[in-house]
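Below is one structure; the comments refer to it alone.
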Amino acid sequence: MADEVSIDKAQFHNRLASIITQWKADKRSGNNVFGDVGSIAVVMGKTDEAAGFHKANALQFWLLGYEFPTTLFLITLESIYILTTKKKAIYLEPLKDGKTPVEVIVRGKDAAENTAQFERCLEIIKNAGKKVGVIKREDSTGPFVTEWKSAFSEISKDVEEVEISPALSAVMSVKDQGELSAVRNASRATAAVMADYFVETMSDILDKDKKITHKALSNKIADKIEDDKFFKSMKGGDFDPVNLDWSVSPIVMSGGNFDLKLRSEPDDSNLHAGVIIAALGLRYQTYASMIARTYLVDPNKSQESTYKLLLSVHEAVLKELKDGAPAKNAYNKAIATIKAKKPELVDNFVKHVGAGIGIEGVDSTMVLNGKNGRILKDGMTLVVTTGFSDVENPNPQDKKKDAKYSLMLSDTIRINASEVGSGEPFVFTKKAGSDMDSAAFFFNDDEEEEKKPAKAKKDPRVGAVASSNITKTRLRGQGGQSANEEKEAARREHQRELHQKKHNDGLANYAEGHAALNGTEEKKFKRFESYKYDTQIPTKVKDLIIVADPRNNSVIMPIMGRPVPFHINTIKNASTTSEGAWIFLRINFLSPGQGVGRKDDQPFEDPSAQFVRSLTYRSKDRDHMADIESQITEMKKAAVRRDQEKKDMEDVVEQDKLVEIRNRRPHRLDNIYMRPTMESKRVGGAVEVHQNGLRYHHMAGQKIDILFSNVKHLFFQPCVGELIVIIHVHLVNPIIIGKRKTKDIQFLREATTEQFDETGNRKRKHRYGDEEEFEAEQEEKRRRSALDKEFRMFAEKIADAGKSEGMSVDMPFRDLGFNGVPARSSVTIQPTTDCLVQLTEPPFLVITLTDIEVVHLERVQFGLKNFDMVVIFKDFTRPPAHINTIPVESLDGVKDWLDSVDIPFSEGPLNLNWGTIMKTVTTDPHAFFAEGGWSFLDTESDAESDAEEEESAFEMSEEDFASEASSEEESDFDDDASADASGGSDESDDEGEDWDEMEKKAARKDRDGGGSEDEGRSRKSKGKGPPPKVKSRR
């Protein structure tokens, strides 16, 4: 037993210190949480599995990691006393000699001794103060609890009992990284059971019209916890199915019998194909999670509308759950949303939208109702539940079972810090989708609409003349271009289809009423807090002088005899001017309507409000005023620098821990360099492959870990045509290397050849003939080939280790590469299977093909030697990528490659203002696609189609065809002759002469004078072509 129970001493003392620290802080700030208690007494009786987890055993699990029945915890501001039995005391002995003194009192079988121990504990409580914190709503029972309550009743008149549950909840509600990891693992398993097992099982039952009761289906889901293979298939190296247990037993409801409080057991009614609600929750290492989903089978319009309302309410609740916000805001926002859209459903809405979750499945002191004023904090975990009960169904399929229905959604979330993203919570159970596509099932085939047959396209070439009688070419030179023209026509047709599909997708994704994508539709006035308590204000303000307080980022200024603090973020700048014996300090403030930079970043709710633009102070103390100006300037610079750093680090996430390989030596690649470098000096290192990631060992002793779960692409670039061989890792989320964030990490080794001095150095003296040079070249090729093989094999080992994350090695196609300038210099840009990359020179370029919306080629016009490429991403808030100065010789190759990977592209003669274009797109994406979408980029399509139609009409015109036929009859030249020569022939009798006769005849005419210049001019003016002399020589 002693080997099985192992209490983490450091964790125990850290968490106990957290209780005492917050307890002391509450005493200093007004005793609002702990109620001015002098001690805390928490008693735990016998174990009762039916009672589950409550505050008493939750505190034990939180501190010790185990449940200790028949144990009393007595905590004071100085120490902790634990009264327990002899066997349990053995496990508690190692906790002594820590941050907080721990005294273990061993309870035996001697009744008198046990009574004396209780009396001692009561004496400690009385000496600590007149108030003791207890759990009044105690779920613990047993003889030990009864004896303690009997003993405590003797001092109940002298000591007041205070409910301590809210205080313990406040301490335990903010989870550390270990606790958050356990909640995340529990939620992942919960969502996997719902999405990958229940949905498939339910669909199969309904599709095959099987009969199964709610109880049988719920038990079938509950038995899934024994399937270790199912849970081991989940991604993540730190997950062990042995630690799983049910926190909420699976319950399935349908057929009008719904209990959204989940207090009733599954009944014996059969599963009904209508509205189905499923709820379940798993516990991982004692930390609980919960999920509930509603599935609609062949829903009517009213049910779909109500479910869409529930989705919008659920999303509105999640957006209100932010760090620093009161808990009641979430419920009030839900009610406001329902009143705005369907006020008749307010009475059907649940009475609260969730509660805290952790060791306890439901924290009763952290219920998200309209009255809870507790402030949410970063690290809290909650279960968010929204739902409507007993909603009237206007069109029921089964009047008995579908007359009323209920809807329910539950998710386990974590409150994020306000600076992380937009401050919205992270949903642990998001894998189990709740959108309409995931929730609605349609098994009634009769309601499916039949697709209308597409109309056959009419061939525009068909006219009065049969198409077979019309020749495609007129000249000999056009015959060789037919293959290119057919290729171009096929590419143009394929691009037309791609553009049309992209346009249809845009209309479908951004329906009417879709919100703007730039996130700037509603700016809020920025509010800053200088001081929470007056004790934080510097004492210098008593002198009514200007005081700069860099510690609190504030400047305190005397105004009308009172010190007034201003946060540094409200100040624009400060300046001093001298005038005689006086020095003037002018402080300018930021205010709405000022237009900070290019944009007005200071909106305000009341446009008629008045703001102070500046304050000017006069003094004879030049040094003080100059010092204040300098301090304000430095504080402003520091504030701007902090804001920029916070903005830069928004998308940086903390990776999980690397799981090292212990049972064998990891695969290792030595003598490599990493880019970006960790320091200015060029120092090498080695990279290793571990269970769930890579570790780079820097020679200076530093380590960089890259987890496979954070790898988006893995590239291997050989040293063919390059001086280095590369393994490149492109990340999903950036990580910090040194002091900068990066999404691209590269491991490389140089592949340069041996250097020789051609001026006669002694290194060269022993190299006499070409044989030695040829040998050196062959040796260089062998060395490069071995280097490529070594790096490629290591890249494949990385991909093999990360195959659970879907990793594979991608390699650039050098034959499809082209030169361009994506950043500062001209480099070779090469396509891969999934990306377009440039891995040779930093900054690196990695563009995922699936992220591309369209590509536009700029400056494509006759006479220019280069063109530019602009890549527009599906995420319209992401700035387009530019690749400039691509040689025009690569134009056809770029077009062919884009067409081969199904990326729609267009071309134009000018550079466009993409900032303005993308702002238009993000402001109203529906209007953008409704007005034609990206069709405005393809400026040549309309002109080309019009030209083709005109040319076709001309060729198929009966009148022109007849005239053309008559001209051909009159002409003595065949169809392959030039148009000018055929039109200007006055000597049609020369047709039968051979070349020698024609040469002699031409020479004779030259001697006789030939045709006069005037005659030649007259022929040219009539459009008859060149003189016969030129014609005969051709």
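The values are calculated or read from the model by the stated rules, or taken from the named source; none is laboratory data. Small disclaimer: the values here were computed from a predicted structure and weren't measured. Neighbour counts are summed over all protein chains in view; Cβ atoms, including those assigned to glycine, are modelled from backbone coordinates with ideal geometry. What goes into the accessible areas is simple: the full protein's heavy atoms, side chains included, and nothing from ligands, DNA or RNA. Shrake-Rupley method; radii C 1.70, N 1.55, O 1.52, S 1.80 Å.
Listing for the model above:
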read-out: Of all residues making up segment 6-40, the number that are surrounded by 14 or more Cβ atoms within 10 Å (Cβ to Cβ), more than 41 Å from the chain's Cα centre (by Cα) and not small (Gly, Ala, Ser); value: 5
read-out: Selection count, segment 260-284, where residues are under 13 Å from LYS404 (Cα atoms) and either assigned to a strand (DSSP E or B) or without any contact (Cβ under 8 Å) to a residue 40 or more places away in the chain (or both); value: 2
read-out: Hits in segment 373-400 - residues which are outside any strand (DSSP E or B), open to solvent by less than 20 Å² (accessible area, probe 1.4 Å) and more than 30 Å from PHE443 (Cβ to Cβ); value: LEU376, GLY379
read-out: Flag for LYS712 being touching a residue at least 24 places away in the same chain (Cβ under 8 Å), open to solvent by 50 Å² or more (accessible area, probe 1.4 Å) and under 30 Å from GLY423 (Cβ atoms); value: yes
read-out: Those residues of segment 67-91 which are buried (at least 16 other Cβ atoms within 10 Å of the Cβ), touching a residue at least 60 places away in the same chain (Cβ under 8 Å) and in a helix (DSSP H, G or I), in sequence order; value: TYR91
read-out: Those helices (runs of 4 or more DSSP H) lying entirely in segment 150-221 with at least 3 residues open to solvent by less than 10 Å² (accessible area, probe 1.4 Å) and at pLDDT 90 or above; value: 165-173, 177-192
read-out: In segment 255-266, residue nearest to LEU206 (Cα to Cα) [restricted to those that are open to solvent by 50 Å² or more (accessible area, probe 1.4 Å) and not small (Gly, Ala, Ser)]; value: ASN257
read-out: Per-region count, segment 549-564, residues on the phi < 0 side of the Ramachandran plot and surrounded by fewer than 19 Cβ atoms within 10 Å (Cβ to Cβ); value: 8
read-out: Any hit, segment 311-322, residues being crowded, with 20+ Cβ neighbours inside 10 Å and part of a strand (DSSP E or B); value: no
read-out: In segment 536-558, residue modelled with the highest pLDDT [restricted to those that are among the polar types (S, T, N, Q) and not in a loop (DSSP other than H, G, I, E, B)]; value: SER554
read-out: Output for segment 101-115, where each listed residue is in a helix (DSSP H, G or I) and either surrounded by fewer than 11 Cβ atoms within 10 Å (Cβ to Cβ) or β-branched (Val, Ile, Thr) (or both); value: ALA111, ALA112, THR115
read-out: Residue identified as over 22 Å from LEU64 (Cα atoms) and in contact (Cβ under 8 Å) with a residue 40 or more places away in the chain among VAL183, VAL199; value: VAL199
read-out: Condition broken by PRO94, with the remaining ones in (1) open to solvent by 10 Å² or more (accessible area, probe 1.4 Å); (2) at pLDDT 90 or above; (3) not in a loop (DSSP other than H, G, I, E, B) satisfied; value: (2)
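Yes/no per residue for (1) touching a Gly at 6+ places or on another chain (Cβ under 7 Å); (2) farther than 28 Å from LYS9 by Cα; (3) modelled with pLDDT of 90 or more:
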| position | (1), (2), (3) |
| --- | --- |
| GLY98 | no, no, no |
| GLU103 | no, no, yes |
| VAL106 | no, no, yes |
| ASP110 | no, yes, no |
| CYS121 | no, no, yes |
| ALA128 | yes, no, no |
| VAL134 | no, no, yes |
